[in-house]
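Since the structure comes first, as structure tokens, the remarks are kept for the end.
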Amino acid sequence: MAAADPLPHDRGFKLWSASDGPSRLLLGSIDRWTSAMLADDGVDMPLMSMDESVTAKIITRESGIVSGTAAVDHMLQIWAGKLSISWVSNDGRQINAGDEIAQIQGPREMVLMMERSILNVLGFLSGITTEAKKWSTIAPKQIACTRKTTWGLLDKWAVSLGGGLTHRLSKDDALMIKENDLATIHPDLEAHSSRIAKFLGGVDFAQCGAFLEIEVRDEKEAIVAAFTWSERRMKEDLPKLVVMLDNFSAERCKLIVDELTEMGLREHVLIEASGGITLSGLEEWRQCGVDVLSTSEINRGTKPLDLSMLIVDN
């Protein structure tokens, strides 16, 4: 990994903190996703019940990292206020097969009505966090998820809890310029490298959000992007440009990093590799000299953690 300073791709602080819990931004996302989930299960108004009270416990059948307790708390507060939940393991906590995660108390009918949604939220998000931990252990502070998500910001929160980078939280959170963007911004120019140079030469960084990123498809485009930005940084107080090498091999990425270093351009850019990155080949990617490795493999299609709920007292 080349970068020593904190990477702008780490946006988890906007979602959650250990001291304050979920932010307003994350709570809004939790509210949208859990409301949709419950509506599909027939719950369209807060639940009411006068049933006898029961106690249930949530246990895990496999090892992993807990994620989603804050989401469950919010969901129950809004939709099942008579249920109380006591967490044995909170967000980010390592758990082993057979461990108890929480106890729930409240009306029997309400516990049964909320059971599947609670387990879905916890299982899905804990599965992502557990997977993210595997990746971030090999490539710490280097592996990032993308905007290819299943549950939007909840995916990114779960990745962050597992030690991964969130990347940009929305399209407006940071400016990423891709091939189609440049084709519409500068349709008068045929050469893509010319479009890159013209765009980077005139873009107002103050309007870019957390960082500015540009996608390149070959070595020439990478050099043009880095050179154009280096010229601006010589005159203006600007942060580094993020150059994304799209669908390059690890070996090819290393060659470009070495070439930019030899040309004196490496200090002006952060290099991100994306496409074709796998857990099995992560060690090679980690050592190829790029700053960020972005992939949707870390969160999309991840196996949920196997959890169950058992009523233990009524």
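The values are calculated or read from the model by the stated rules, or taken from the named source; none is laboratory data. Not measured: the values here are computed from a predicted model. All Cβ positions, glycine included, derive from the backbone under ideal geometry; neighbour counts span all protein chains shown.
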Subset of region 112-123 [surrounded by 23 or more Cβ atoms within 10 Å (Cβ to Cβ) and either of a type in the set (S, T, N, Q) or touching a Phe, Trp or Tyr at 6+ places or on another chain (Cβ under 9 Å) (or both)]
MET114, VAL121
Please indicate, with yes or no, whether at least one residue in region 208-217 is in a helix (DSSP H, G or I) and free of Cβ contacts under 8 Å to residues at least 40 places away in the same chain.
no
Determine whether GLU109 is surrounded by fewer than 24 Cβ atoms within 10 Å (Cβ to Cβ) and either at pLDDT 95 or above or on the phi < 0 side of the Ramachandran plot (or both).
yes
All-but-one check, LEU112 against (1) in contact with a helix residue (DSSP H, G or I) (Cβ under 8 Å, 6 or more places away or on another chain); (2) free of Cβ contacts under 8 Å to residues at least 60 places away in the same chain, failing number (1)
Take ILE196 and decide whether it is under 29 Å from TRP229 (Cβ atoms) and part of a helix (DSSP H, G or I).
yes
Within region 153-168, the residues that are touching a helix residue (DSSP H, G or I) at 6+ places or on another chain (Cβ under 6 Å) and either part of a loop (DSSP other than H, G, I, E, B) or among the basic types (Lys, Arg) (or both) are GLY162, GLY163, GLY164, THR166
Any residue at all in region 225-233 that is polar (S, T, N, Q) and not in a strand (DSSP E or B)?
yes
Working carefully through the options VAL43, VAL66, VAL88, find the one that is assigned by TED's automatic domain parsing to the domain that holds LEU119 and buried (at least 19 other Cβ atoms within 10 Å of the Cβ).
VAL66
Residue count, region 176-193, condition more than 16 Å from VAL242 (Cα to Cα) and not in a helix (DSSP H, G or I), comes to 6
ALA191 fails exactly one of the following numbered conditions: (1) in contact with a strand residue (DSSP E or B) (Cβ under 7 Å, 6 or more places away or on another chain); (2) farther than 22 Å from VAL292 by Cβ. What is the number of that condition?
(1)
Any residue that is touching a residue at least 60 places away in the same chain (Cβ under 8 Å), surrounded by fewer than 17 Cβ atoms within 10 Å (Cβ to Cβ), over 24 Å from the mean Cα position of the chain (by Cα) and part of a helix (DSSP H, G or I) - is there at least one of those in region 72-82?
no
